There are 2 protein chains.
Amino acid sequence: MTKKTTSDGTTTIEAPTDLPVIRLAREFAASPAQLFRAHTDADLFVRWIGGEGSTLTLDHWDARTGGSWRYVGVSGSDEYAFHGCFHTVREDRIVWTFTFEGIPDGVCLETFTFEDLGDGRALLRSDSTYESFEARDAMLSSMETGVTDAYAQLDRLLAGDEI
Amino acid sequence: MTKKTTSDGTTTIEAPTDLPVIRLAREFAASPAQLFRAHTDADLFVRWIGGEGSTLTLDHWDARTGGSWRYVGVSGSDEYAFHGCFHTVREDRIVWTFTFEGIPDGVCLETFTFEDLGDGRALLRSDSTYESFEARDAMLSSMETGVTDAYAQLDRLLAGDEI
């Protein structure tokens, strides 16, 4: 039932044929609490979400249940922005909405979970539900490089013992 | 491609077989601006969303992009509560997340639009996207009576010229 499974050896991305969903799984040398902080602490988040060498600005960041967020990236002379609201922020689970402002009425619902694997490792899962298969597939094609770069940067941040 | 179409003569509810979505359409003797106010003004919203004779309390209501909401209903000795965040609040479009707290990790993404039909009528559409077909079908079975009652109450509120 899986349309596509991509793995760079560490990140698995699945796009099932029967649901407009992207399911991602990635192990980290981290605790669930560190992964939670990496996804909620403003200063940490900007240091990995764009990948190495990116410049991201948090226009707004209120990482609590009922809060909201917006960030802006710069690539050459282009700006690209994303925004949404935090439906749930708990230590084991974040649910937020996500819009890429290049497609202003497009929105998806994303759930992140942080699971302890023991031995200093934790599993990040993200499930992103789109309103259509077309919207899901459009995101899928641009997602792979982005998340691979971002998670490699998060690996480096975790190795530096700053989280 | 439609699993189920329900109509009480005024409300159409569709559940497609290929997407975990509920699509609802309902005409009102109203302007789009009146429908928008009925969905965003706290005092108005509590007067129709539970149907006639219901007692609802807004625990929290901040109807703007990036805001959040929670309401609690009482039925006999039972309380039932719902909450979410507002992803988008514009005059022609509201996007919010929706959780029934009886299923605390369940969440759906709902988009409401308000379209002018002329002659003093407007069309409300709501598209609700669930994370699975099971979650969608569970909601579908309890939704029909609820929305029919609520929209009949909204009709009465609109007729009273208070919106």
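Applying a 4.7 Å Cβ-Cβ cutoff to the protein assembly as shown, the cysteines left without a disulfide-compatible partner are A:Cys108, B:Cys108. Phi angles of the range B:25-38 translate, via the Karplus equation with coefficients 6.51, -1.76, 1.60 and θ = phi - 60°, into HN-Hα couplings of 9, 8, 8, 9, 7, 6, 8, x, 5, 5, 5, 4, 5, 4 Hz per residue; Gly and Pro are given as x.
The loop-placed GluC sites (Glu not before Pro) in the range B:35-140, going by DSSP, that have at most 11 neighbouring Cβ atoms within 10 Å of their Cβ come out as B:Glu52. Charge tally for A:Val72 (other residues, Cβ to Cβ under 10 Å; Lys, Arg +1; Asp, Glu -1): -2.
With unit charges on the beta carbons (Lys and Arg positive, Asp and Glu negative) and the dipole taken about the Cα centre of the protein assembly as shown, which residue among A:Leu35, A:Phe133, B:Tyr151 sits farthest to the positive side? Of the candidates, A:Phe133 comes out farthest on the positive side.
Sorted shortest first, the distances from the B:Glu162 label point to those of the same residue in the other copies are 5.6 nm; each point sits 7 Å from Cα along Cα-to-Cβ. Net charge near B:His39: determine it from the other residues with C-beta under 13 Å of the C-beta of B:His39, scoring Lys and Arg +1 and Asp and Glu -1. That works out to +2.
Using C-alpha pairs below 8 Å separated by at least 6 residues, the relative contact order for the range A:53-106 is 26 percent.
Comment: the Cα-to-Cβ extended label point of B:Glu134, at 7 Å, lies 3.1 nm from its counterparts in the other copies, nearest first.
In the range B:50-163, Cα pairs under 8 Å separated by at least six residues give a relative contact order of 18 percent. Summing charges over neighbours of A:Trp48, with a neighbour being any other residue whose Cβ is under 13 Å away from its Cβ, gives -2 when K and R count +1 and D and E count -1. Inter-copy label distances for A:Pro16: 1.7 nm (label point placed 7 Å from Cα along Cα→Cβ; shortest first).
Within the range A:79-115, which residues have the backbone N less than 16 Å from the label spot 7 Å out from A:Ser142 along Cα→beta-carbon, could you tell me? Those under the cut-off are A:79-84, A:98-109.
Rule-based calculations on the coordinates, nothing more; no lab input. Since the model is a prediction, treat every value here as computed from it, not as a measurement. Neighbour counts run over all protein chains shown; Cβ positions are idealised from the backbone, glycine included.
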